[in-house]
1. Using a probe of 1.4 angstrom, how much of the accessible area of the protein assembly as shown is carbon and sulfur, in percent?
2. Among the lysines, which fall within straight-line cross-link reach of B:Lys9, defined as a Cα-Cα distance under 19 Å, with same-chain neighbours fewer than 8 residues apart omitted?
3. Would you mind computing, in nm to one decimal, how far apart the modelled labels at A:Leu40 and A:Asn63 are, each placed 7 Å from Cα along Cα→Cβ?
4. Please give the per residue accessible area of segment B:137-259, computed with a probe of 1.4 Å over protein heavy atoms only, in Å².
5. So what does B:His52 come to for accessible area, using a 1.4 Å probe and Å² rounded to 10?
6. Roughly how many Å² of A:Ile137 are accessible to a 1.4 Å probe, to the nearest 10?
7. May I ask which of A:Lys60/A:Lys194; A:Lys274/B:Lys87; A:Lys48/A:Lys173; A:Lys22/B:Lys129; A:Lys171/A:Lys262; B:Lys78/B:Lys160 have a Cα-Cα span longer than 23 Å here?
8. Taking the Cβ-Cβ separation of B:Asn28 and A:Asp94 as r and a Förster radius of 35 Å, what is the calculated FRET efficiency to the nearest 0.05?
Amino acid sequence: MEKVKLKLLYSDLKPELDMIEKELEQAVDSKSHLLNDASLHLLQAGGKRIRPVFVLLAGKFGNYNIDVMKQVAVPLELIHMASLVHDDVIDDSDIRRGKPTVKAEWNNSVAMYTGDFILARALEYITDIDSPKLHHILSKTMIEVCRGEIIQIEDKYKLDQNLRDYLRRIKRKTALLISSSCELGALVSGTDEKTAAHLRRFGYFIGMSFQIIDDILDFTSTDEELGKPAGSDFIQGNITLPVLCARRDPEVYSLLKNSLQKELTDKERLLVVKTIRNSPGISEAKAVSERYLKKALQELDYLPKSPANKTMRKIAFFIGKRKF
Amino acid sequence: MNEQLIHSKITSMELDVLKAVKQRTLENFTEGPSVERARLFFLLLPFFDENHWSGEIEASAKTVSIVYAALHAHDQVKENALVITKKQQLTVLAGDFYSGIYYQMLANSNNITMIQRLATSIIKVSENKASFYDGLVRSVEEIDDLVHVIETELLTTFYKFYGFEKYASLATLMLRYIRYVEELEFLQNNSQTRILRLLNQTLQHPLQTERWLLEKLDLLHEDISLTINSYNFNYELKSFMLHQITPHQHRAEQLTREG
């Protein structure tokens with residue numbers, strides 16, 4: 001339902017997004033029926049396609065040509081998909097968006113090759129654009145995203161990490177790819193550098209806000225809404241902002257510390273979820289997310305008033321209030 | 001170029017590749033990038049054979065080696081594991097990180113076409129690797145074709161891109177030879193690999209697989225000896241290839257004699 005609402009916000013882009021959806025299907029077409037099935041399985045599990053949306057919207061600030069824009073929008077979504085299929089191996093996740101993951105449906109090796117295949121398709125596709133700057137930005141982003149994930153593994157189960165560690169991690173894990181989506185959309189549509197910089201920063205701030213909300217929803221949503229058990233991030237040892245805020249209460253700290261040292265039963269997991277949900281950690285995390293949201297909106301103030309600007313603004317508001 | 005200089009050039013390239021992909025956490029918790037000296041030798045073969053060799057070509061050769069390391073890292077992730085360890089998690093990320101590095105290195109040298117060619121090769125290699133899991137029983141010839149693509153596609157792409165195609169047939173024979181020597185060792189140590197699993201499935205018994213491998217090694221070595229003589233390599237380079245890269249033991253005859 002919420003996903004439908006989000007899609008309504010950018011319904012003006014529907015014909016272009018339908019085209020991108022078809023291109024995505026074609027892009028994952030493979031001689032290997034196994035890779036074909038695994039990639040389509042992933043693609044058909046859906047998703048918000050937020051990265052292509054930001055590429056297209058950013059492109060509206062320049063000379064918008066869908067045939068050029070899709071050359072960036074499609075590979076960025078493919079890069080995101082490739083990282084998801086590998087993340088499910090890292091997190092040992094059997095369910096994503098309510099459906100079995102590639103690693104659960106087949107095995108870890110198939111997930112590895114599917115991710116490698118999709119990533120290579122993305123690079124094959126985007127290298128039709130002969131822009132060194134674009135490739136510098138994208139390759140740097142890919143490396144930073146990996147570094148973010150490596151740090152995330154290093155920081156797992158460390159309850160005593162600080163806010164800076166968390167922010168640095170989500171910047172790399174989520175915000176950078178959204179930021180690059182906006183920047184590359186601006187770049188290929190030929191906007192001036194100032195516009196591209198505002199769009200890049202908009203993407204960064206909205207990405208930070210988006211990830212913080214995601215981390216809040218891990219505690220405030222139901223298993224059904226999430227399509228996976230609530231509190232999954234915590235169970236996997238990921239210390240997110242609601243936890244960092246809630247741990248200031250000594251009793252909560254002690255519960256969290258103990259919970260991180262053992263495998264939790266379902267009852268214990270639900271107790272952790274309930275404790276965080278009822279703690280001030282949720283409202284404090286929301287306040288941080290809102291600060292990023294406000295900064296994102298400020299970036300849009302620098303850009304010309306246009307339907308694209310309006311849609312970006314609406315998406316930003318929606319992200320702040322989303323419930324899935 | 002003598003043996004010592006060849007070794008020294010390979011080592012220098014090996015160190016460059018390791019430096020390019022250096023990452024503290026990955027270094028501490030994974031086995032590190034697999035940079036095989038035989039592969040480096042073949043990437044450098046046009047240089048050893050005194051072809052025109054530039055900084056750009058050498059930089060590209062390094063990126064090919066990094067792609068091999070990226071794909072190899074993902075081969076190390078266990079098919080099915082009850083619990084995924086930190087080492088395995090970081091091995092997944094190591095492969096992705098190395099992929100990012102090769103892309104960045106080529107992007108920094110504005111070699112966009114090479115990024116595209118390598119991406120096309122990775123697609124082919126991944127498709128062939130996925131064939132190990134599609135449940136089909138394949139003929140030994142088909143299995144040999146899979147091995148061929150997996151072992152040599154990236155190298156062949158590099159050769160084609162820089163006009164060194166003439167080395168492709170020899171490298172293809174020798175890299176397959178090296179692969180099968182390793183598979184034979186795994187088999188004799190009772191270890192299982194994806195290639196052995198597929199061969200055992202087709203040939204129906206490990207002893208048959210062993211025989212097939214031994215005969216294949218003999219055939220490949222005969223081809224290597226014939227092919228190598230069709231090149232104008234100098235004596236030392238030829239000797240390096242025959243004695244350092246693919247030394248042969250004539251194992252099939254030995255097996256027949258021993259019974």
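The values are calculated or read from the model by the stated rules, or taken from the named source; none is laboratory data. All figures in this text were calculated on a predicted structure; none of them were measured in a lab. Please note: Cβ atoms are built from the backbone with ideal geometry, for glycine as well, and neighbour counts cover all protein chains shown. Remember, those area values only see protein heavy atoms, side chains included, never the ligands or the DNA or RNA. Shrake-Rupley method; radii C 1.70, N 1.55, O 1.52, S 1.80 Å.
1. On the way: 12450 of 25030 Å².
With neighbouring chains kept in place, the figure for the protein assembly as shown is 50 percent.
2. Cross-link targets: B:Lys19, B:Lys62, B:Lys238.
3. Taking the two extended label points, one gets 3.9 nm.
4. Details: 6240 Å² over 123 residues.
That works out to 51 Å² for each residue.
5. Rounded to the nearest 10, that gives 140 Å².
6. 30 Å²
7. Working: A:Lys60/A:Lys194 15 Å; A:Lys274/B:Lys87 32 Å; A:Lys48/A:Lys173 17 Å; A:Lys22/B:Lys129 26 Å; A:Lys171/A:Lys262 29 Å; B:Lys78/B:Lys160 34 Å.
In this structure, A:Lys274/B:Lys87; A:Lys22/B:Lys129; A:Lys171/A:Lys262; B:Lys78/B:Lys160 exceed 23 Å between Cα atoms.
8. Values: r = 29 Å, r/R0 = 0.83.
That gives a FRET efficiency of 0.75.
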